[in-house]
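Okay, structure first, notes after.
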Amino acid sequence: MLIPHPLLGLRDAAEFTYLGDAALIERPEGDIENAQDVFHNYLFLRDNPAGEHRELWFHEQGDRSWLVVTRNTVTHEIIKAELARDVAIQKGRST
Amino acid sequence: MHYSGFRVIKEALTGHKGWGPAWRDVAPQKDYDYVIIGGGGHGLAAAYYLAREFGGKRIAVVEKGWLGGGNVGRNTTIVRSNYLLDGNAPFYEFSLKLWEGLEKELNYNAMVSQRGILNLVHTDAQRDAARRRGNAMILNGSDAELLDTEGVRKLYPFLNYDNARFPIKGGLLHRRGGTVRHDAVAWGYARAADRLGVDIIQNCEVTGFKIEAGKVLGVETTRGYIGAGKVASSVAGSSSRVMAMAGMRVPIESHVLQAFVSEALKPTIPGVITYGAGHFYCSQSDKGGLVFGGDIDGYNSYASRGNLPVVEDVIESGVSLIPAIGRVRLLRSWGGIMDMSMDGSPFIDKTHIEGLYFNGGWCYGGFKATPAAGWCLAHLLAKDTPHETATAYRLDRFRTGHAVDEKGQGAQPNLH
């Protein structure tokens with residue numbers, strides 16, 4: 001698989017390590033009500049679709065940026081790659 | 001029809017005209033007491049033990065493809081009972097004991113071969129860990145022997161002992177471990193279950209559940225609606241997809257694991273060996289091919305094929321352990337889809353939906369568990385309580401803080 005890195009162009013997937021479901025960006029606050037439930041679901045119940053999946057890849061052997069890659073899990077086709085930083089900022093998070 | 005040596009001779013002398021199909025080809029009835037989704041090893045074993053041990057009646061196994069076409073026919077056929085943790089060890093020991101009596105029980109030649117599994121160690125720390133694991137195995141009723149370098153050399157003289165980085169310092173030998181002909185396991189259980197009246201329905205894909213007031217009433221399939229008293233999902237690899245139809249999220253990611261077979265060689269590798277410095281395990285099939293594998297590819301996948309970096313990694317590990325295989329040609333490679341759970345351990349449990357049961361999350365260790373997983377799922381279906389060896393495999397164990405993390409990796413499925 002080749003991942004279209006937004007800054008570096010097409011890079012071999014072997015340069016990356018994989019973390020999982022991109023929802024891991026959205027870490028809940030620790031002081032909310034039901035924190036135990038919310039953190040259980042955040043950590044253990046992830047999306048696992050057959051089809052398009054948004055997921056976190058880390059460019060460990062490259063520029064060490066985190067990417068949010070949209071990939072089809074049935075065909076391994078990569079549809080989109082964004083900097084995880086940009087995704088987090090769009091969601092209103094500070095850098 | 002009972003299979004025996006006498007029968008083979010008789011059929012040979014009479015033109016093999018007396019063999020019948022090993023199981024019936026049936027259409028689904030309107031409803032059953034038990035419907036098991038997934039005609040793999042686990043589902044068929046569950047149906048068999050449910051009928052044989054727990055007096056279950058009116059049982060159906062529904063399979064979207066053909067028997068033996070899923071992971072039971074795609075694995076590397078290794079069976080073992082060399083687990084460390086209390087939640088796992090009794091279960092896998094129970095499974096290995098069932099393997100030992102399987103062929104007589106099923107009247108089917110599954111080629112159970114207890115040829116021994118050797119886990120190599122390359123450092124003092126690994127030797128300590130192997131000693132600890134071996135002691136735990138013995139305490140739990142399994143067998144283990146710690147070999148030194150010379151002990152390993154006697155069994156496998158052709159390994160690369162003097163590798164500068166990873167010299168072989170010894171190994172943990174589990175003599176009762178070995179291999180089993182994987183397809184024959186599916187066929188043997190299917191035939192034995194069929195003889196007990198279980199309906200095995202192939203080419204019948206489940207497309208939905210009928211759930212009313214928190215109770216499952218049946219399953220929608222490509223061959224029509226089937227009513228059911230109890231439904232069990234036993235579809236490791238596709239668990240997330242099937243359970244999503246019941247509105248459930250399960251702590252599982254689907255990953256692809258590749259495996260490889262070489263061209264046939266003369267007898268070379270008598271048992272199963274695993275490399276301690278890279279992820280590589282290898283045995284030789286009775287046809288002569290070297291059967292080997294290594295790590296999963298590491299990203300969510302439902303494609304039954306992997307990518308080349310892992311192929312390279314596995315073969316590099318193999319050649320560094322057994323330099324002689326550098327000249328061997330690869331015959332084929334393939335991928336299978338694994339339920340990778342959040343702690344590397346499986347689930348055999350009730351769900352919050354009444355009458356719906358779940359067996360999955362087997363990571364890449366489901367094959368060795370086949371008999372015990374079937375037995376324990378049958379026990380759960382019949383009695384609504386977990387079998388004594390499978391009490392740790394609960395769906396809510398992350399919520400309650402009882403993860404069974406054999407490798408100590410935490411909630412990172414691709415590292416288990």
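The table for this structure:
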quantity	calculated
Helix axis angle, B:370-383 relative to chain B longest principal axis, alpha carbon, degrees	30
Rounded Å value of the spacing that divides the Cα centres of the range B:202-260 and the range A:1-79	26
Unit charges on C-beta of K, R, D, E only; dipole of the protein assembly as shown, Debye	1560
Sparsely packed trypsin sites (Lys or Arg not before Pro) within the range B:55-86, loop by DSSP, other Cβ within 10 Å at most 16	B:LYS57, B:ARG58
GNM result for chain B, Cα springs below 10 Å: residue of B:HIS255, B:HIS174, B:HIS352 fluctuating most strongly	B:HIS352
Shape category assigned to the range B:96-188 from the gyration tensor of Cα positions, a/c cut at 1.5	prolate
Under 12 Å, Cβ to Cβ, from B:GLY278 - net charge with Lys/Arg +1 and Asp/Glu -1	-3
Average other protein chain Cβ within 10 Å of Cβ, residues B:102-108	0
Within chain B, percent of DSSP bridges classed antiparallel, to nearest 5	70
Computed [θ] at 222 nm, helices only, for chain B once each DSSP H run of length n ≥ 4 contributes -39500 (n - 2.57)	-8000 deg cm²/dmol
Chain B: angle of helix B:308-321 to the longest principal axis, Cα-based, in degrees nearest 10	50
Label-point separation in nm, B:GLN29 to B:ASP128, each point 7 Å along Cα→Cβ	6.1
Around B:THR179: net Lys/Arg minus Asp/Glu count, Cβ-Cβ under 14 Å	+3
Distribution of pairwise C-alpha distances over the range B:165-260, 5 Å bins, in %	2, 9, 13, 15, 15, 15, 11, 6, 5, 4, 3, 2, 0
Folded to 0 to 90 degrees: helix B:41-52 orientation relative to chain B principal axis, Cα	50
Alpha-carbon centroid distance for the pair the range B:331-354 / the range B:89-135, whole angstrom	20
For chain B, alpha-carbon Rg over 2.2 N^0.38 Å	0.99
The range B:304-351: trypsin sites (Lys or Arg not before Pro) in DSSP coil with no more than 14 other Cβ atoms inside 10 Å	B:ARG305, B:ARG329
For A:36-49, mean number of other protein chain Cβ atoms within 10 Å	5
Stokes-Einstein diffusion coefficient of chain A, Kirkwood radius over Cα pairs, 20 °C, 1.002 mPa s, in µm²/s	150
Cα extents of the protein assembly as shown along the three principal axes, largest first (Å)	77, 65, 43
Directionally averaged projected area (convex hull, Cα atoms, the range B:318-416), nm²	8.8
The range B:141-209, relative contact order [Cα under 8 Å, separation at least 6], %	30
Cβ-defined net charge surrounding A:HIS59, 14 Å radius [Lys, Arg +1; Asp, Glu -1]	-3
The range B:1-126 shape via C-alpha gyration tensor axes, a/c threshold 1.5	oblate
Above-threshold pairs, the threshold being 23 Å between Cα atoms, out of B:LYS210/B:LYS368; B:LYS57/B:LYS230; B:LYS210/B:LYS350; B:LYS30/B:LYS230; B:LYS64/B:LYS230; B:LYS10/B:LYS287	B:LYS210/B:LYS368; B:LYS10/B:LYS287
Karplus-derived 3J(HN,Hα), 6.51/-1.76/1.60, for each residue of the range B:401-407, Hz, glycine and proline x	x, 10, 4, 10, 9, 4, 9
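Any read-out appearing in this document is the output of simple, stated calculations on the displayed coordinates, not a laboratory observation. Keep in mind that this is a model prediction, so the values were computed, not measured. Please note: Cβ atoms are built from the backbone with ideal geometry, for glycine as well, and neighbour counts cover all protein chains shown.
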